[in-house]
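Here is the structure we will look at, set down as structure tokens.
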Amino acid sequence: MSNQHTFNNFSEFYPYYLEEHSDVTCRRLHFAGSLLVLIVALWALTTGKLLWLLALPVIGYGFAWVGHFKFEKNRPATFKYPLYSLMGDWVMFRDMLIGRIRF
């Protein structure tokens, strides 16, 4: 049986995404990476040091992938569902920020 799921939309994907992020340390690393992405992006845009924008994927995915490989012990959803995974990162970030998800 294939581990590949089929999702018709993001609403169907997000519960799967959350299952793949059940470890609190993994979620914390995602949150830290996302927050750092926002800080660096804002800094780069306000200072005009736009080359720093090239570092954003490394910053965001670096934190997230450490969380998956070291703590969650799974492959990041990015590899199978890149767009939904990126959307999931930011929805989970918001959900943690507003207290909907514990971190």
DSSP H segments from the chain that extend 18 Å or more along their own axis, Cα-based, with Kyte-Doolittle mean of 0.0 or above: 24-47, 82-97
Label corresponding to Rg/Rh (Cα atoms, Kirkwood Rh) when calculated from the structure given, among (i) 1.00; (ii) 1.27; (iii) 0.95: (i)
Helical contribution to [θ] at 222 nm, DSSP H n ≥ 4, -39,500 (n - 2.57), averaged over the chain, rounded to 500: -19500 deg cm²/dmol
In range of the label at Thr25: residues from the stretch 65-103 whose backbone nitrogen is under 20 Å from the point 7 Å along Cα→Cβ: 65-77, 102-103
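Every number here is computed from the coordinates shown, using simple stated rules; none is lab data. It should be emphasised that the depicted structure is a prediction, and the values quoted were computed from it without experimental measurement. Every residue, glycine among them, receives a Cβ derived from its backbone with ideal geometry; neighbour counts consider all protein chains shown.
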